[in-house]
Amino acid sequence: MSEIYFFKEDCQIDLRKLKKQKAWLEELAFQYNHQIKELNYVFCSDDYLHKINLEYLNHDTYTDIITFDMKEENDNALASDIFISVDRVRENAKNLKIEMVEELNRVMAHGLLHLLGFKDKTESEKKEMRLAENKALTLL
């Protein structure tokens, strides 16, 4: 049984509006032949995520998401803490002229896709990731 949890730290977001995303994320993992053991999505502010970025990754930048893969070595089930800056998501949605919830869903899928093996360092990886994100959004 998948365990998907939503938490918030120092930000304004109504977690009750994310109920359908749990089944969607589980289906997304299933589409790639994986199951979810435990995913913890933590929604937070830019400042909160920036501190995590500095402390754990030594990156002095703002970002919309950080995914920590916590899967045990011999366990195929996905486990992770995924931190998402609501501030970044809101700003990105505004810049892209889309609804905040659409961008939030994209970023949530992005974190899960990293756990499924997708990368986004090179241009070709970014293109593949974007295609996978778009495919994920059609499942929702």
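Every number here is computed from the coordinates shown, using simple stated rules; none is lab data. Just so it is clear, the structure is predicted and the values come from calculations on it, not from any experiment. Quick reminder, even Gly has a Cβ in these numbers, built from the backbone with ideal geometry, and neighbours come from all protein chains shown.
Descriptive notes on the structure:
- Filtering the stretch 108-132 to residues that are over 20 Å from residue 71 (Cα atoms) and part of a helix (DSSP H, G or I) leaves 123, 124, 125, 126, 127, 128, 129, 130, 131, 132.
- Candidates 38, 27 - the one that is at negative phi, surrounded by fewer than 19 Cβ atoms within 10 Å (Cβ to Cβ), acidic (Asp, Glu) and not in a helix (DSSP H, G or I): 38
- Matching residues in the stretch 73-105 - criterion: being among the aliphatic types (A, V, I, L, M) and either surrounded by 18 or more Cβ atoms within 10 Å (Cβ to Cβ) or in contact (Cβ under 8 Å) with a residue 60 or more places away in the chain (or both): 78, 82, 84, 86, 89, 93, 101, 104
- Contacts under 6 angstrom Cβ, first residue in the stretch 117-134 being under 17 Å from residue 27 (Cα atoms), partner loosely packed, with under 14 Cβ neighbours inside 10 Å, 6 or more apart: none
- Looking across the stretch 9-24, the residues that are free of Cβ contacts under 8 Å to residues at least 60 places away in the same chain and either buried (at least 17 other Cβ atoms within 10 Å of the Cβ) or aliphatic (A, V, I, L, M) (or both) come down to 15, 18, 22, 23.
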